[in-house]
Each structure stands twice: as C-alpha cells, then as structure tokens.
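Okay, so here's the structure we're looking at.
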Amino acid sequence: MGSLSENARKWWRSHKQKTQQQTAPSHTPLQKQLADNEQRLRDLYANCSDVVFRSFRIGGTIRALAIYIDGLTNQEELERSVLSVLMQTKLPKDSPLTKLLDNLVPVTKSREMSTVEQCLEAIANGNPVLLIDQQERAIAFGLARWEKRQIEEPVAEGVVRGPREGFTESLHVNTALLRRQIKTPALKMEQMQIGGYTQTQVVLAYIEGIVDEDLVAEVRARLGRIEIDGVLESGYIEELIEDHPASPFPQILTTERPDVTCGNLLEGRIAILVDGTPFVLIAPTTLFSLLQSSEDYYQRSLASTTIRWLRYLFTAISFLLPSLYVALITFHHEMVPTSLLISMAASREAVPFPALVEALLMEITFEALREAGVRLPKQVGAAVSIVGALVIGQAAVQAGLVSAPMVIVVAITGIASFMIPHYIAGIAIRLLRFPMMFLAGSLGLLGIMLGIIVTVIHLSTIRSLGVPYLTPVGPIKVAEWKDTLVRAPWWMMNTRPHLTGDYQKIRQGANQKPGPKKGGDPA
Amino acid sequence: MLEQGKISSAQMGKMIFLAVIASAVTAVPSYSGKYAQNDLWLSPAWASLTGFLTVYAAIALNKLYPQKSVVEYSTDIIGTIPGKLFGLLILFFYIHMTGLIARGYAEFIIGNFLPQTPISIVIITMIAVCAYAVKAGVESIGRTAQLFFFFFMFPLILMPFLLRDMKPDFLFPMLEHGLLPSLKGALIPQGYFSEAFLMSFFLPFVTDRGKGMRSGMLTILGIALMLTCINLFILLVFGTQAADYLYPVMVAFRYISIADFFENLDSVVMTVWILGMFVKISIFYYATVLGTSQWLGLADYRPIVLPIGILIAALSFWSIPNLNQASRFDVISFPFYGPLMQTICPLLLLGLALLRKKGKQQSQAQMTMAPEQAHTHTEKQEG
C-alpha cells in the first residue's frame with residue numbers, strides 16, 4: 001500500500017513537471033522586443049487554431065499585438081474600444097502603459113502584467129492581452145464573454161413557494177447571485193485555482209464574523225492539498241475533501257439553489273463554488289440538513305413541521321419497508337393481523353419465489369427503471385414508463401411472478417425515496433436497503449434491528465468537518481431541535497446552530513412574536 | 001489515554017440506564033414476584049439501595065483518581081501485585097458476565113421469536129455488531145445510547161392499553177407479611193443495580209464530571225422508578241401469577257389489542273429490547289476491552305476487540321449448558337456474585353483509598369509541622 005501510493009506520488013511529481021514544461025517554465029518575464037514575446041507565445045500556442053494573433057501599429061508607428069481566444073472574448077468591444085482607438089491615436093515612444101490605460105482605452109477591467117504566465121492565464125480566461133513593442137509589460141482587458149446558459153429554475157430542487165433562480169455553469173454568475181442576496185462586505189469569496197490542466201476556478205465563500213475561523217482554515221488547507229489534473233464538477237472536490245470517503249452518506253451538501261446556499265452561509269457554514277457546474281458544495285452538514293428543503297422556511301411553520309415529519313417517516317419507509325415485508329412474510333406471521341395475513345397468503349400462493357428473492361427482483365427492477373428514466377433521451381422516456389408499468393404492475397402479478405402486496409410495497413418505497421429532498425442522500429438510503437433485505441431474509445426482525453444498529457453506529461461515528469453527523473439528536477443539542485424536529489416560526493429562531501468552535505450565537509432580536517397587542521413600543 | 005473520545009454525563013447516565021435495565025426489565029417481575037408475591041412493586045425501591053451505594057463508590061473513587069479506571073487505581077490503592085490481581089479478577093468477572101448476558105439475550109430470542117435459528121448465530125451476530133460499536137469508541141456508544149434511550153421508552157406508551165386488563169384488587173392486601181417478602185424480592189434485582197459500577201470505566205471520559213454524581217443518582221432513581229412501574233403493571237395484570245411466567249412483560253404485551261388490528265405487540269417490544277441489549281452488551285464488552293488493555297498497558301485497545309469478542313462468544317457457551325442453568329445462576333449466584341465484585345469490593349477499595357489518603361495527609365502534616373515547630377522553638381530560645 002505504502003509503496004503504491006509513494007509510486008503514485010512520484011508519478012504525479014514527474015507528470016506535473018512535464019505539464020509545466022509543456023505550458024511554460026515558471027515565471028518567465030516578458031522581453032523588451034515584441035518579436036521575442038510573440039515568438040514565445042506562438043510556440044506555446046502552436047497548433048491552437050482557436051487562438052487569434054492580431055498585429056497592428058499604435059498611431060501608425062509603434063508595433064503592437066493583441067492575442068485572444070476566439071469565442072471567449074467580446075470581439076466587437078475589443079475592436080471598438082481597443083483596436084480602433086489605439087490605431088487612430090498618436091503616442092510618444094516611451095510613454096508609460098498606465099497613461100494608455102488611464103487616457104485612451106475605455107475598458108473598466110484592465111490589468112498590467114509582467115510575465116508570460118500571467119498572459120497565458122488572462123488569455124485562457126477570455127481576456128484579450130495587448131503586447132506593445134519596447135514595453136516589458138502587457139495589458140489584459142476584461143473583455144471576456146462567452147456563450148452561457150441563462151439562469152433557470154433548478155431541475156433537481158423544485159419548490160412551490162420560493163425563488164426560482166438556480167446556479168449556472170458560470171462561476172461569476174453564481175457569485176453574483178450570492179452577492180445579490182447577501183450584500184454585506186463580510187461575505188468573503190476567496191478564489192483559487194485547482195487542476196493542473198483545467199486550472200478550474202474555485203471560490204470559497206463564507207460570512208466573516210459568523211463562521212468559525214478554524215473551519216475556514218481547515219477547508220482552505222484541504223482545498224490546498226488537492227493535486228489533480230482536472231476538476232470538471234464539484235463532485236471531484238467533494239470526494240477529495242470529505243472526512244469519511246468509505247461512507248455511503250454524503251458529508252457535504254450539494255445544492256443548485258442560491259437561497260439554500262445563502263441560508264447556510266448565514267448559519268455559519270462555508271460554500272465552495274466551482275466553475276463549470278451549477279452544483280455548490282456546502283459544509284459542514286448533518287443527516288438532518290439533507291432531509292430539509294428550502295421551502296420549509298418559506299411556508300407556515302406548522303405546515304413545514306408536518307411535512308418534515310412526513311419526510312422523516314417516509315425516509316424510514318424507503319429504508320425499511322421492503323425488508324419489513326420480507327421479515328413479516330418469512331418469520332413473523334403472528335404480527336400480521338389474521339384477515340390481512342389470509343389475503344396476503346392467498347396472493348402469494350402462485351408465486352414461486354421466496355419473499356426475499358421476490359423483493360430483490362422487484363427492487364432491482366425498479367432501480368433499473370429509474371436509472372433508465374434518468375439517462376435516456378426524453379423521446380424514449382415515455383417508452384420506459386410504459387414498459388415499467390408493465391414490469392412493476394398488474395402484468396407481473398397476473399403472470400404469477402410476483403404477488404400484488406409486493407408490487408404495492410415496491411411502489412410505496414419508490415414514492416418514499418422520491419420524498420428525500422436531496423437526491424444524493426436518497427442514493428445512500430437506496431443502497432443500504434439491499435443489505436437490509438438480506439438481513440431480514442435471514443434473521444427476520446432481529447436482522448433488521450442489527451442492521452439499524454450498525455447504521456446508527458456508523459452515523460454516530462462520522463463527522464462532517466468536525467460536526468457530528470447526527471447532531472442534534474446524538475449528541476443531543478436541545479437548542480437545535482427547533483430547526484430539526486420541528487420548524488419553529490422565525491420569531492423563535494433566535495440562535496444559530498452550533499457547528500464548531502466559536503460562533504455568533506444570537507441571530508436576531510428576542511421577543512419578536514407578533515400579535516394584535518404588539519404596539520409600536522419595542523419593549 | 002487509550003480513548004480519545006469524550007462523552008457527557010447525560011450520555012453516561014443513559015448508557016448506564018440501558019445497561020442495567022435492558023436485562024432487568026424482562027425477568028425482574030417474575031423473580032421478584034416469586035418472593036414478594038403481591039408486594040413485588042416495592043422491591044425495586046429496596047434494590048436501588050445497592051445502586052446508590054455503587055454509584056457513590058464509583059464516583060468517590062473517580063474523585064480520588066480522576067483519570068483512571070478501576071483496573072488502574074486498584075494498583076495505586078492496594079499495591080502493584082495485589083492490585084493487578086484484583087484487576088484480573090474484575091476483568092474475569094466482566095468477561096464472564098458479558099458472556100452470560102449474551103447467552104441470556106440469545107436464549108430469549110430463540111425462545112420467543114426465532115425458534116429454528118441456531119443459538120450460535122444469534123450470539124455471534126450480536127457480538128459482531130457490538131464489536132463494531134466498541135471499535136468505533138466511547139463517543140459512538142454514548143451517542144447511540146442517547147438515541148436508543150428514546151426508543152427504549154416507547155413500550156411505556158403502550159402500557160395504558162393494558163388498563164382494560166388491570167385489576168386494582170391485586171394490590172391488596174398490602175404488606176400482608178410485613179416488609180420481609182418485599183425485601184426478599186429485592187435480592188435479585190439489586191444484583192442488576194450493582195452493574196452501575198460500569199460507570200467507573202466511563203467516568204474518565206466524561207467532560208462535565210461535576211454533574212457525574214447527580215447524573216448517576218438520577219439514573220439509579222430512573223431505573224428504580226421504571227422497574228417499580230413495570231412491576232406494578234405486571235402485578236395489576238397478572239396478580240401473583242406473575243411469578244409463573246418466565247418473561248411476564250412479553251406475555252403482558254401480547255394481551256394488547258388496539259382496534260383489533262394491532263395485535264401481538266410483543267414483537268415490537270422485542271425489537272426495542274434488542275436496542276437496549278445491544279447497548280448493554282457493548283458497554284460490558286467495552287469495559288472488558290478497555291480494562292484488559294489498561295491492565296496489559298497497551299497503547300491502543302482496538303487490536304484486542306476481536307479476540308475478546310471471540311472469548312465472550314465462547315464464554316457464553318462454556319458457562320451455562322442450558323436455559324434452566326442460566327435462570328438458576330440468575331437466582332442463586334448472581335445476587336451475591338454481582339454486588340460482591342461491583343459494590344462491596346469498590347467500597348472496600350474506597351475505604352482503603354481514604355485511609356491511605358488520610359495517612360498521607362497526616363504524614364505530610366507532620367512533615368510540614370516539624371520544621372515549623374523547630375522554627376518556633378528557636379524563636380523562643382532567642383526570645
């Protein structure tokens with residue numbers, strides 16, 4: 001094991017050096033002669049048909065070169081406010097670049113650069129770079145613009161009441177969505193680059209003063225540890241920074257919704273935004289936060305509490321129902337009321353399989369149908385649902401393959417697993433359902449209890465960035481029950497949940513319960 | 001320290017609560033009823049005296065040696081070799097008890113729910129699950145106990161459904177033969193109460209140890225209340241017949257019928273009871289493993305979790321040939337065996353430790369006094 005990982009590390013080192021040699025040796029300063037710089041960049045961008053080199057003369061005399069990537073840059077704006085302005089101006093030979101920036105070019109975001117690497121980074125991000133003869137510095141203009149998806153309603157997390165905006169693939173749209181909701185300068189967004197080849201921009205967002213500084217430092221350290229060739233989705237980062245990689249339960253929340261992210265930031269959590277994906281990571285998280293929807297906070301508190309309990313119940317059902325059915329049919333007939341037992345026995349009479357096989361068959365079919373439904377093109381999707389209704393339905397019962405109660409059990413389990421608001425949490429429970437069925441088929445209720453005990457021990461062992469996963473029921477934190485066992489009305493949510501270390505406990509003013517007797521006097 | 005985790009005193013209280021009550025709850029009404037007849041509901045109150053004494057001993061000893069368990073401070077109190085021997089005795093007691101408890105649990109499951117399953121499977125699966133918990137550490141056991149505590153209380157909610165079958169007449173005549181029968185009935189339950197001494201293994205990990213005494217005493221009170229409550233219910237339902245059943249609580253729950261649909265609720269009680277038994281076996285198992293590694297001076301207790309688990313499984317077969325022998329042991333030996341090791345020995349240790357402390361203080365006082373006297377003496381001379 002040790003030697004293997006050592007080898008992997010060696011490979012990575014040499015690989016990293018190689019890639020760096022391919023792109024550029026570290027920190028090469030720009031030369032005075034334009035031709036030298038041009039040659040260097042042309043070598044680096046050899047065989048890159050999408051990179052455009054445009055030579056021109058400033059005021060008809062000084063040679064200059066603009067470099068940009070086709071499709072990543074706002075070409076019209078570049079032509080209008082950089083090229084045409086500079087071509088028509090008269091410039092003394094040794095005038096400093098700052099004058100050029102200050103007086104001539106009407107572009108708000110522009111930056112001076114002195115090394116080849118900076119130029120490469122700017123070009124890759126879509127900012128055109130201007131090189132001028134006899135200058136050892138270059139200018140990058142903030143004229144990046146590329147085709148991006150519109151802000152749409154998040155697909156995986158729908159709400160009836162609540163904002164309909166979702167994150168997009170573009171990092172800066174996402175940060176802007178956060179900033180539009182949390183306007184304080186205390187909202188910090190630290191940017192870093194991860195990925196040797198992709199150089200993906202990653203933003204660590206938190207609210208200073210609410211968040212625990214040690215938590216931020218820990219996340220920063222974990223992000224800094226990552227050495228990977230590319231980051232294409234936040235899932236890469238999630239797997240590289242989580243506490244218990246072997247656990248089926250997600251220890252980091254992912255969301256597409258800015259309001260969910262803001263709500264968590266306000267509770268002292270941190271968010272990690274990754275360029276190229278609408279899914280934002282939120283940590284630390286607990287089991288209960290995976291069972292909460294943003295809408296819980298927008299509806300009336302009584303309704304939200306009831307729905308939460310319904311959700312908890314159905315989470316338990318989606319975890320246990322098939323195995324309970326198997327245990328009752330196989331071992332504990334006496335627990336089933338007689339009349340129900342008779343009808344169940346009658347419908348099982350023709351079924352050739354033992355209850356465990358029957359349940360496994362149906363559950364696996366259901367999982368396959370669901371996966372097929374997600375992956376297939378929409379036109380074929382309808383066919384899947386028609387066939388699915390045949391496989392898990394009346395036809396299967398009439399064929400004598402499965403019993404009618406089993407079909408109902410599978411259907412209820414399916415509905416139950418759709419009730420879990422965060423898809424990834426649902427996957428963990430779907431996975432654990434299968435070992436539970438085996439336990440139920442071999443040891444009955446005892447097996448189910450042993451399975452539950454093992455699951456609970458596991459859940460009470462894991463932590464998400466130092467926060468026990470079962471907070472607030474194990475360890476008990478009564479002050480946080482107001483947002484887990486119930487959803488207390490907002491005028492009662494006076495304290496923030498305690499995550500790690502120091503935190504700002506008080507969230508809002510006390511005694512805000514409204515009522516007809518409440519006058520203008522705040523006391 | 002061997003264990004990095006920390007628990008709260010409330011978690012410890014719940015762990016001890018489940019550890020004592022999980023096995024007591026099934027059999028105590030029957031055992032007490034045998035001797036106390038219709039005064040069996042008084043017995044837990046008498047029995048709890050052992051519990052209070054045990055908790056007092058455990059906490060007083062912990063105050064003297066805050067970071068140590070009984071295996072460690074025994075050498076400090078009675079010297080290295082006798083202390084080590086005593087530690088060995090305690091460890092043998094606990095590993096033996098864990099085996100017995102596992103056997104009792106398995107006999108119960110086989111007898112009531114899975115008659116065709118081999119008993120070894122029932123024992124081995126439970127010990128495997130407990131081994132996982134022990135490996136996960138005291139923190140996980142504490143949290144699990146905290147969570148399962150609520151589920152364990154659930155059957156109490158079902159008890160009012162028995163009101164239809166209860167006859168208050170069974171209570172009378174109260175104290176017909178004086179206090180003696182109820183005291184006799186307390187003899188067996190007090191053995192279970194002595195198990196509260198397990199807290200001596202957990203006290204070093206408790207963060208808010210100031211509340212330890214309060215939490216320990218409340219736990220004993222809670223156990224006494226719950227047992228009284230259950231004994232009372234059983235008495236009201238069965239009368240003096242209670243002693244004729246091996247597991248009267250299970251039989252009582254079989255009586256419950258809600259809306260002619262929810263029947264045979266004993267299975268529900270069994271599932272909940274498994275949770276309690278899991279906590280109980282884990283705690284005994286953990287104490288054995290931790291004590292053994294402390295006794296051997298190991299740096300980590302995790303490597304010996306599995307070997308000791310195998311020993312526990314083996315001991316559950318070696319100690320008792322069948323259910324009758326197990327019951328006989330429970331009635332005849334355990335009421336003396338348990339309190340001897342877990343109440344009387346700790347109390348003796350505590351007495352010795354206090355004497356030793358006093359002696360040390362006196363000698364220290366003499367040491368500090370002596371120069372002072374000399375000083376005053378010289379002053380006087382000068383004066």
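Just so you know, all these numbers are worked out from the coordinates, no wet-lab data involved. Only a predicted model underlies this, so the values are computations on that prediction, with no experimental measurement involved. Cβ coordinates were reconstructed from backbone atoms using ideal geometry, including for glycine residues, and neighbour counts include every protein chain displayed.
Things to note:
- Label point distance in nm, A:Met492-B:Phe154, each placed 7 Å from Cα along Cα→Cβ: 2.4
- At R0 = 51 Å, FRET efficiency that the Cβ-Cβ distance of A:Glu213 and A:Val387 yields, to 0.05: 0.40
- Other-chain or far-sequence residues with amide H under 5 Å of A:Phe279's (modelled H): A:Ser234
- For peptide B:275-287, the mean count of partner chain Cβ atoms within 10 Å of a residue's Cβ comes to 1.
- Count Lys and Arg as plus one, Asp and Glu as minus one, and take only other residues whose Cβ is under 13 Å from that of B:Ile223; the net charge is then +1.
- When the alpha carbon gyration tensor of chain A is reduced to an equivalent ellipsoid, its three semi-axes come out at 55, 30, 22 angstrom, largest first.
- Volume in Å³ per residue [convex hull over Cα atoms, computed for the stretch A:23-141]: 93
- When the chymotrypsin sites (Phe, Trp or Tyr not before Pro) in the stretch B:209-294 are filtered for DSSP coil states and for at most 14 other beta-carbon atoms within 10 Å of their beta-carbon, the remaining sites are B:Phe261.
- Rounded to whole Hz, the Karplus (6.51, -1.76, 1.60) HN-Hα couplings of the stretch B:187-195, x for glycine and proline: 4, 6, x, 5, x, 5, 4, 5, 5
- Here's how it looks for B:Ile7: its modeled amide H is under 5 Å from those of B:Val206, B:Thr207, which are all 5 or more places away or on a different chain.
- Only helical runs count toward this figure. For chain A, summing -39,500 (n - 2.57) over DSSP H runs of n ≥ 4 and dividing by all residues gives -14000 deg cm²/dmol at 222 nm.
- Here the stretch A:145-200 and the stretch B:295-333 have alpha carbon centers that stand 58 Å from each other.
- Evaluated at q = 0.12, 0.20 Å⁻¹, a Debye calculation over the C-alpha positions of the stretch A:171-285 (equal weights, vacuum) places log10 I(q)/I(0) at -0.37, -1.09.
- Each Lys and Arg contributes +1 and each Asp and Glu -1, all at the Cβ; summed about the Cα centre of the protein assembly as shown, the dipole is approximately 1160 debye.
- Per-residue 3J(HN,Hα) values for the stretch A:120-131, derived from phi via the Karplus relation 6.51 cos²θ - 1.76 cosθ + 1.60 with θ = phi - 60°, read 4, 5, 5, 5, 5, 7, x, 8, x, 10, 10, 10 Hz in sequence order (x marks Gly and Pro).
- Share of pairwise Cα separations in the stretch A:68-193, more than 16 Å, in percent: 71
- The stretch A:23-141 - percent relative contact order, Cα under 8 Å, separation 6 or more: 35
- Spin-label pair A:Glu169/A:Gln33, simplified geometry with 7 Å Cα→Cβ offset, distance in nm: 4.3
- Over the stretch A:421-501, volume per residue of the alpha carbon convex hull, in Å³: 121
- Folded to 0 to 90 degrees: helix B:345-382 orientation relative to chain B principal axis, Cα: 20
- Whole-number D in µm²/s for chain B (Stokes-Einstein; Kirkwood sum over Cα pairs; 10 °C, 1.306 mPa s): 72
- The Kirkwood radius of the stretch A:112-250, taken over pairs of alpha-carbon atoms, gives through the Stokes-Einstein law at 4 °C and 1.567 mPa s a diffusion coefficient of 72 µm² s⁻¹.
- Cα-Cα separations in the stretch A:300-467 greater than 21 Å, expressed as whole percent: 54
- If the convex hull is drawn through the Cα atoms of the protein assembly as shown, its volume per residue in Å³: 314
- Each residue of the stretch A:389-401 is assigned a 3J(HN,Hα), and the resulting list reads 4, 6, 5, 9, x, 4, 4, 5, 5, 5, 6, x, 7 Hz, derived from the Karplus form 6.51 cos²θ - 1.76 cosθ + 1.60 (θ = phi - 60°), x at Gly and Pro.
- Distance between modelled label sites at B:Asp169 and B:Ile344, nm, 7 Å Cα→Cβ extension: 4.4
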